[in-house]
Structure formats: structure tokens, C-alpha cells
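The values are calculated or read from the model by the stated rules, or taken from the named source; none is laboratory data. These figures come from a predicted structure and were not determined experimentally. No Cβ is skipped: glycine too gets one built from the backbone with ideal geometry, and neighbour counts run over all protein chains shown. Heads up: the accessible areas ignore ligands, DNA and RNA and are worked out on the full protein's heavy atoms, side chains in. Shrake-Rupley method; radii C 1.70, N 1.55, O 1.52, S 1.80 Å.
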Amino acid sequence: MPHVVIEYFTEDPLDRTAVLQTALDTAAGSGVMNRADIKVRLVPAEAILMGDGRSSFLHVTISMLTGRTDEAKLAVAQAMTAALRDLCPQIGAISTDIRDMNPACYKKSLAE
């Protein structure tokens, strides 16, 4: 926890390792989450149709336990979007959404 899920579609080459590393580094550098707790994953979209005619996207959803201020969450969203834009200038649309998770309802189990 936190979970950083990056949905994407592009017909151009995408350096997936660089995207994952950039997302991890940006999240860890935000000061609102611990690097060791962050899980980053890419989820490819099979096909897309965007109303504005763009043909590629990255959408980042960051799910964290509640407790961060709106200002802190906005700063993370802005930093993530900017870092991925710098890395992927060819992507048509890049967005980030921060989701609060209820700690009373979130459970996990780790293998020993």
C-alpha cells in the first residue's frame, strides 16, 4: 500500500520499465508515502476510443489510505502527471487520480 495503477494504450513503443520506475520514484519523492510500501503496475487497454480524437493515453490511479490533505494529494497528482509527461511526450493524454481507501475496510495478507 499505496497502489499506483497505470492504465495505458499506445501504438508507439513505450518504455514500460521507465514508466514504472518514474512512477515509483515520483510517488516515493512526494513525501506522503514510503517507497517500500508502494506497488506500481501497468495495465494495458486492449483498445480505446477517445471522443477528442487522441489515440493514446496514460491514466494513473493512486489509491492510499485516508489521512492526506487535499493539498498533498493534489501535489502528488501534479508531480506524477508532469513526470510522466516529461518521460512520454508522445502520449496524447496523461492524467492522475488520487483515491482514498478506508482503513477499516482495507485488508491484506502477506506470505511469510
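Brief remarks follow.
- Within segment 1-16, considering residues that are within 18 Å of S63 (Cβ to Cβ) and part of a loop (DSSP other than H, G, I, E, B), the one least open to solvent (accessible area, probe 1.4 Å): P2
- Residue match in segment 17-27 (condition: in a loop (DSSP other than H, G, I, E, B) and surrounded by 11 or more Cβ atoms within 10 Å (Cβ to Cβ)): no
- Given (1) open to solvent by 40 Å² or more (accessible area, probe 1.4 Å); (2) under 20 Å from Y106 (Cβ atoms); (3) touching a Ser or Thr at 6+ places or on another chain (Cβ under 6 Å); (4) not basic (K, R), number of the condition A79 does not satisfy: (2)
- Taking first residues from segment 55-71 that are closer than 17 Å to C105 by Cβ and small (G, A, S) and partners that are open to solvent by less than 80 Å² (accessible area, probe 1.4 Å) and in a strand (DSSP E or B), the Cβ contacts under 7 Å between residues at least 6 apart in sequence or on separate chains come to S63/H3; S63/M101.
- The combined condition, being open to solvent by 50 Å² or more (accessible area, probe 1.4 Å), at positive phi and in contact with a Pro (Cβ under 9 Å, 6 or more places away or on another chain), is fulfilled by G67.
- Flag if E7 is over 21 Å from P103 (Cα atoms), touching a strand residue (DSSP E or B) at 6+ places or on another chain (Cβ under 8 Å) and among the acidic types (D, E): yes
- Members of segment 32-64 found to be assigned to a loop (DSSP other than H, G, I, E, B) and open to solvent by 40 Å² or more (accessible area, probe 1.4 Å), listed by number: N34, E46, A47, I48, L49, M50, G51, D52, G53, R54, S55
- Flag if D70 is more than 16 Å from E7 (Cβ to Cβ) and more than 13 Å from the chain's Cα centre (by Cα): yes
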